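The values are calculated or read from the model by the stated rules, or taken from the named source; none is laboratory data. Fair warning: this is a prediction, and the values are worked out from it, not measured in the lab. For neighbour counting, all protein chains shown are included, and Cβ atoms are generated from backbone atoms with ideal geometry for every residue, glycine included. What goes into the accessible areas is simple: the full protein's heavy atoms, side chains included, and nothing from ligands, DNA or RNA. Shrake-Rupley method; radii C 1.70, N 1.55, O 1.52, S 1.80 Å.
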Amino acid sequence: MIGSVVMNKLSLMFIIASDTKEQMYVKLLNKYKVKFKAITHGIGTASSSMLDYFGLNEVERGVIMAIMPTIMSKYILRYMNQRLKIAEPGNGIAFTIPVSSSTKYMNETYKKVEMEDIDMEDANKHLIITIANEGFAEIIMNAAKKVGATGGTTINGRGLESEKVIKFLGISIEPEKDVVLILSDNDKKNAIMNEIVNSCGLKTPGAGICFSLPVDHVVGLKELENLK
């Protein structure tokens, strides 16, 4: 079935890989003329044995975020899986999150893109995002690992809370933030989030907030799942 962007939703793609692989994925996005993308860098928080298995001797990670038509995202994920061998050790992971709404400009930009839809199995996973005061990423990951998380990625952020929000919450919010990304199986999501909130929630020194987003498709986790 041929589908146009006007009739289909957009997806936000995350690509998390070692710094040495970052440009390979950027070139792929450019090949498909993905217009809306950004790159940041983070620190991997998987165990040392897990990092050794995947060939990630350095824990620095490139985190690429890109918005594109859902149909296009399926093509890119398939290309990563079949041609770039993302499932092999050291090549990273990629997954998509459905976008509920966007500006008219985004849809207009992609409106001439038409592709044949690709059937892909549902990922049955969620992206758990925790935002806490700087220095609490390790506590967050230790809590998550206690109930089944295998690892995650931490990126640095900066809080932009207003004085009214700070007063309402009754806490002192540090400007520098740790943003921890954890990809979780659906059946482990609630336990992981509860453990994070208990260890680093708003009523703790970490003053963390935690939420999750549904992941619709993912590639690069085959070996990771075999290690469970």
Problem set entry | Inter-residue pairs, beta-carbon under 8 Å, first among the hydroxyl-bearing types (S, T, Y) and in the stretch 109-120, second part of a loop (DSSP other than H, G, I, E, B), 6+ apart | T109/K35; Y110/K35
Exercise. Looking at (1) closer than 27 Å to M120 by Cα; (2) assigned to a helix (DSSP H, G or I); (3) at pLDDT 95 or above; (4) open to solvent by less than 70 Å² (accessible area, probe 1.4 Å), which is the one condition that is false for L224?
Worked result: (3)
Exercise. Only one of (1) small (G, A, S); (2) at pLDDT below 90; (3) open to solvent by 30 Å² or more (accessible area, probe 1.4 Å) is not met by G135, so which one is it?
Worked result: (2)
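In this structure, does G151 turn out to be part of a loop (DSSP other than H, G, I, E, B) and at pLDDT 90 or above?
no
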Problem set entry | Enumeration of residues in the stretch 72-122 that are of a type in the set (A, V, I, L, M, F, W, C), closer than 15 Å to S11 by Cα and either modelled with pLDDT of 95 or more or crowded, with 20+ Cβ neighbours inside 10 Å (or both) | M72, I76, L77, A94, F95, I97
Seminar exercise, completed: When every residue in the stretch 123-143 that is under 16 Å from the mean Cα position of the chain (by Cα) and assigned to a loop (DSSP other than H, G, I, E, B) is compared, the one nearest to M68 (Cα to Cα) is A123
Exercise. If you go through the stretch 118-136, how many residues are of a type in the set (A, V, I, L, M) and more than 19 Å from L213 (Cβ to Cβ)?
Worked result: 1
Exercise. Is it true that some residue in the stretch 160-171 is at pLDDT 90 or above, not hydroxyl-bearing (S, T, Y) and not in a loop (DSSP other than H, G, I, E, B)?
Worked result: no
Exercise. Taking S184 and the conditions (1) modelled with pLDDT under 90; (2) open to solvent by less than 40 Å² (accessible area, probe 1.4 Å); (3) in contact with a strand residue (DSSP E or B) (Cβ under 8 Å, 6 or more places away or on another chain), which numbered condition does it fall short on, given that it satisfies the others?
Worked result: (1)
